[in-house]
Amino acid sequence: MTLRRVLALPGWAEHVRLLAGSAGLDRPLATVQATLDASHLPRPEELTVVARPVAGTDWQIDALLRRCADAGATGVLLPGTEPLAASRLLADRLAVPLLTTGAPPLDLLVEARLLLAAPELDRANLLLATHRALGDRLRPPEEVVTVLRRLLRSPVAVLDDRGAPLAGEVTGRVRLDEAVPQRTDLDDGVLLAHPVLLQRPAMWLAAELRGTEAARADVVPPALAVAAGALQRWLLANRLELERDARSRTALLGDLLRLDTEPGADLRRRVADAGWRLGGWHVGLHIGVPAAIDTVARTQEVIRALDVEAVVVEHGDGWTGWVTFDHEPTAERVRSLATRLQAAHRTLRLGAHMGVGRPHPRPEGLAATVAEALDAARLAATRPETGNFLHVDQLGMAQLLLEWTRTDTFEPAARALVAPLRSVPGDLVRTLSAYLDAESSIAETAMVLGVHRNTVAARIARIEQLLGVDLSRPDERLALHLASRAVILSEE
């Protein structure tokens, strides 16, 4: 035990000031002894607590400091006394901590002796105080940070799964790839962090203990665990509400997309409650993502990234949404919107593919533009050369052909047509599709696939040999182009 550790106790941290002798804060501390005046003879590893103000001149304080240094004592606590500068200089030179307090010294003595006799009591008291302060009520991150900052008298922050602050602030960095309680030594303190787990860390709770507070680094982790549990309860309740809202939005979208007549009063009321508009002109969009992406949890992130006034609903393999204009938008406004959506798509970094539909009016037009956006997104998934983004105006005949390739008769025929390519290594089906997309440009195909052009040339020769075709013939090119696209789409 050291004096630095005692100074981190709640009562001492609030009421005791260190005047001088900071170099001796890590001296061993074995006992805390009260004395009525400064004539006391200290023992080794003793903190001397003077119960009454020292009368007379500062020579008595100087003499007590010298006796402490000679005996190997730990320090001196004076009640309400402000020694002269010479006494402070002496304490610094002797490396004997000189403390002062305006609180009753004997109360502080009792708190320090309890720490010496039962160090675990400080941990238990902090744990109990954290339980009582947080209670059973659901508390958002901001309230948890406020409670812990008051109890720990230190900076506290709630961080998201990328380490960005959601509430509060700390300067240290959490090791995000280690989903366990952490302790990191800083230049002048300690950073403690605890993961807030669902299936994986959804948040981190971090506290930065500096100065004398760093001496409580072994006391704080259980309190952080309790606070992390409170955050976990809040997350679960919030997630339940989000999923309930997501199911409601998805069901409402489904009803709108199935609409083939004027919507009834009940449907119009549900749409109004959701804040959606049925009038005006709508431009649909769809963002598809890999199955591992949690669409419910990422919805707000997607809305922020789009940076347009759009409805966004969890739907299918990602999100479906639309932007509504009061009047029919000009071609220039639609192109401008598509450009903004493409820029937003690049910032998402979710392995996503996005499609955008044409403007259509009224409720029935909403279903039409969303269907176009879904078609464009399916094609965008197979087009890395466009950044996996397509506006339906870019599709032309390809959209009509896509509808045909979805028929029950075409897909089996497509698989049979390219079957010889699937039995050999080299990803020949995707190579064929990219080569035909690139209008037989070996250089462009190599760039799209990320391989050498000689590799592409060898693969194309192998494809023609396996299929017994001549890719310079338009009919054979068209059939194989459709077949390779259909197979890739069905597998993805």
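Worth a mention:
- Selection within the stretch 31-56 - closer than 13 Å to LEU109 by Cα, in contact with a helix residue (DSSP H, G or I) (Cβ under 8 Å, 6 or more places away or on another chain) and not acidic (Asp, Glu): THR31, VAL32, ALA34, LEU47, THR48, VAL49, VAL50, ALA51
- Checking each residue in the stretch 178-190 for being among the aliphatic types (A, V, I, L, M), surrounded by 12 or more Cβ atoms within 10 Å (Cβ to Cβ) and either in a loop (DSSP other than H, G, I, E, B) or touching a Phe, Trp or Tyr at 6+ places or on another chain (Cβ under 7 Å) (or both) picks out only ALA179.
- Subset of the stretch 444-464 [surrounded by fewer than 18 Cβ atoms within 10 Å (Cβ to Cβ) and more than 19 Å from ALA414 (Cβ to Cβ)]: GLU444, MET447, GLY450, VAL451, HIS452, ARG453, ASN454, THR455, ALA457, ALA458, ALA461, ARG462
- Of residues in the stretch 41-85 being within 53 Å of the chain's Cα centre (by Cα), over 22 Å from ARG5 (Cβ atoms) and among the aliphatic types (A, V, I, L, M), the one most open to solvent (accessible area, probe 1.4 Å): LEU84
- Note on the stretch 109-149: among residues that are over 30 Å from THR48 (Cβ atoms) and not in a helix (DSSP H, G or I), the one that is most open to solvent (accessible area, probe 1.4 Å) is ASP136.
- If you go through the stretch 465-480 and keep only what is open to solvent by less than 60 Å² (accessible area, probe 1.4 Å), assigned to a helix (DSSP H, G or I) and over 15 Å from ASP427 (Cβ atoms), you end up with LEU467, GLU476, ARG477, ALA479, LEU480.
- Failed condition for VAL196, given (1) open to solvent by less than 80 Å² (accessible area, probe 1.4 Å); (2) in a strand (DSSP E or B); (3) more than 22 Å from LEU236 (Cβ to Cβ): (3)
- The stretch 250-274: number of residues that are under 30 Å from LEU236 (Cβ atoms) and open to solvent by 60 Å² or more (accessible area, probe 1.4 Å): 2
- Qualifying position, being touching a helix residue (DSSP H, G or I) at 6+ places or on another chain (Cβ under 7 Å) and farther than 30 Å from LEU36 by Cα, among ALA164, ALA157, ALA112: ALA157
- Selected residue (only one of ARG247, ARG175 is assigned to a helix (DSSP H, G or I) and either charged (D, E, K, R) or open to solvent by 60 Å² or more (accessible area, probe 1.4 Å) (or both)): ARG247
- Residues that are under 38 Å from the mean Cα position of the chain (by Cα) and either of a type in the set (A, V, I, L, M, F, W, C) or assigned to a helix (DSSP H, G or I) (or both), drawn from the stretch 410-432: ARG430, THR431
- Flag if VAL170 is hydrophobic (A, V, I, L, M, F, W, C) and not in a loop (DSSP other than H, G, I, E, B): no
- Hits in the stretch 152-167 - residues which are outside any strand (DSSP E or B) and buried (at least 19 other Cβ atoms within 10 Å of the Cβ): LEU152, SER154, PRO155
- Checking each residue in the stretch 324-358 for being in contact with a helix residue (DSSP H, G or I) (Cβ under 6 Å, 6 or more places away or on another chain) and either charged (D, E, K, R) or part of a strand (DSSP E or B) (or both) picks out HIS353, MET354, GLY355, VAL356, GLY357, ARG358.
- Boolean, ASP475 is at negative phi and either of a type in the set (Lys, Arg) or at pLDDT below 80 (or both): yes
- Scope the stretch 208-244; condition open to solvent by less than 40 Å² (accessible area, probe 1.4 Å), of a type in the set (Val, Ile, Thr) and over 30 Å from THR295 (Cα atoms); matching residues: VAL219, VAL220
- Among the numbered conditions (1) of a type outside the set (Phe, Trp, Tyr); (2) without any contact (Cβ under 8 Å) to a residue 60 or more places away in the chain; (3) surrounded by fewer than 18 Cβ atoms within 10 Å (Cβ to Cβ), the only one that SER22 does not meet is (2).
- A residue that is modelled with pLDDT under 90, open to solvent by 30 Å² or more (accessible area, probe 1.4 Å) and of a type outside the set (Lys, Arg) occurs nowhere in the stretch 352-362.
- Test: residue in the stretch 211-229 that is of a type outside the set (Ser, Thr, Tyr), in contact with a Gly (Cβ under 8 Å, 6 or more places away or on another chain), in contact (Cβ under 8 Å) with a residue 12 or more places away in the chain and not in a helix (DSSP H, G or I): no
- Residue within the stretch 284-304 that is among the basic types (Lys, Arg) and touching a residue at least 40 places away in the same chain (Cβ under 8 Å) present: yes
The values are calculated or read from the model by the stated rules, or taken from the named source; none is laboratory data. A quick note: this is a predicted structure, and the numbers were derived from the prediction, not measured. Positions of Cβ are backbone-derived with ideal geometry, glycine not excepted, and every protein chain shown enters the neighbour counts. Note: areas computed on protein heavy atoms with side chains; ligands, DNA, RNA excluded. Shrake-Rupley method; radii C 1.70, N 1.55, O 1.52, S 1.80 Å.
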